[in-house]
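Reviewing the structure listed below.
The values are calculated or read from the model by the stated rules, or taken from the named source; none is laboratory data. Fair warning: this is a prediction, and the values are worked out from it, not measured in the lab. Cβ coordinates were reconstructed from backbone atoms using ideal geometry, including for glycine residues, and neighbour counts include every protein chain displayed. For accessibility, only protein heavy atoms count, side chains too; no ligands or nucleic acids. Shrake-Rupley method; radii C 1.70, N 1.55, O 1.52, S 1.80 Å.
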Amino acid sequence: AYMSKYIQWDKFLFISSGVVFLFILTLLRGSKGTSSPVGVPSCSPGYWLLWFTFTPIAIIMTYLAMKRVSKEYTAKESAGYHFTQSDRQYDAKTCFNLAKIGFFTGTTSGILGVGGSVFTGPMMLSLGFQPEVSSYTATFLGMFTSVSSTLQYVMIGTIPMTYAAVVAPLSVIGCFLGVHVVGNYI
């Protein structure tokens, strides 16, 4: 009951599908450490087609997410929902601004090699989001970036799997322990 109360599974699965699609494209494309399972030579036109295929998919996913959030906001508004001062107004302009921020943070973090949360959190604060919402959202989005990057590094063979087999379970245990300990003090 706790998980279904706080996690909107349909939205989670929507975001996860983007990560899975990106992973499939990366797998089909191949890399330095692994050859393409469908025989696409490195740096061939097919390779670059697979490389850039995710861009229109990401744009479509962004549009669908913006449309959905805007529709939910409009439905609440027409139902007479009482918005608090900290609630966001997800009209078309706000959704477009959030998409621009997402593009900026993703591009900048990719170029600089830092986590997107470094930019996402402060950007959300500047838009008036509550600090808790900004922090949770940035951390949640960071999970998808981490999973996607890790899978790609595993594919090209740059992660020692014996090291990963020790670190991964300890990280999961540390996450749950940290949430439990902090939850008791807040």
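Residue by residue through the range 106-119, note down the ones that are surrounded by 13 or more Cβ atoms within 10 Å (Cβ to Cβ) and modelled with pLDDT under 80.
Across the range 106-119, the qualifying residues are GLY106, SER109, GLY115, GLY116, SER117, VAL118, PHE119.
Regarding the range 136-158, can at least one residue be identified that is in a helix (DSSP H, G or I), exposed (fewer than 11 other Cβ atoms within 10 Å of the Cβ) and among the polar types (S, T, N, Q)?
Looking for residues that are in a helix (DSSP H, G or I), exposed (fewer than 11 other Cβ atoms within 10 Å of the Cβ) and among the polar types (S, T, N, Q), one finds none in the range 136-158, hence no.
Does SER35 count as without any contact (Cβ under 8 Å) to a residue 12 or more places away in the chain, in a loop (DSSP other than H, G, I, E, B) and open to solvent by 60 Å² or more (accessible area, probe 1.4 Å)? Lay out the reasoning, then the answer.
On the way: without any contact (Cβ under 8 Å) to a residue 12 or more places away in the chain: yes; in a loop (DSSP other than H, G, I, E, B): yes; open to solvent by 60 Å² or more (accessible area, probe 1.4 Å): yes.
Answer is yes for this residue.
Are any of the residues in the range 136-147 over 30 Å from THR34 (Cα atoms) and among the polar types (S, T, N, Q)?
Yes, the conditions are met somewhere in the range 136-147.
Among (1) in a helix (DSSP H, G or I); (2) more than 30 Å from SER36 (Cβ to Cβ); (3) open to solvent by less than 60 Å² (accessible area, probe 1.4 Å), there is one condition ARG88 misses while meeting the rest; what is its number?
Condition not satisfied by ARG88: (1).
Just checking, which of PHE96, PHE103 is in contact with a helix residue (DSSP H, G or I) (Cβ under 9 Å, 6 or more places away or on another chain), in contact (Cβ under 8 Å) with a residue 24 or more places away in the chain, open to solvent by 90 Å² or more (accessible area, probe 1.4 Å) and in a helix (DSSP H, G or I)?
So the residue among PHE96, PHE103 that is in contact with a helix residue (DSSP H, G or I) (Cβ under 9 Å, 6 or more places away or on another chain), in contact (Cβ under 8 Å) with a residue 24 or more places away in the chain, open to solvent by 90 Å² or more (accessible area, probe 1.4 Å) and in a helix (DSSP H, G or I) is PHE96.
Given the options SER117, SER135, SER126, SER146, name the one that is without any contact (Cβ under 8 Å) to a residue 60 or more places away in the chain and in contact with a Ser or Thr (Cβ under 8 Å, 6 or more places away or on another chain).
Values: SER135 fails: in contact with a Ser or Thr (Cβ under 8 Å, 6 or more places away or on another chain); SER126 fails: in contact with a Ser or Thr (Cβ under 8 Å, 6 or more places away or on another chain); SER146 fails: in contact with a Ser or Thr (Cβ under 8 Å, 6 or more places away or on another chain).
The unique qualifying residue is SER117.
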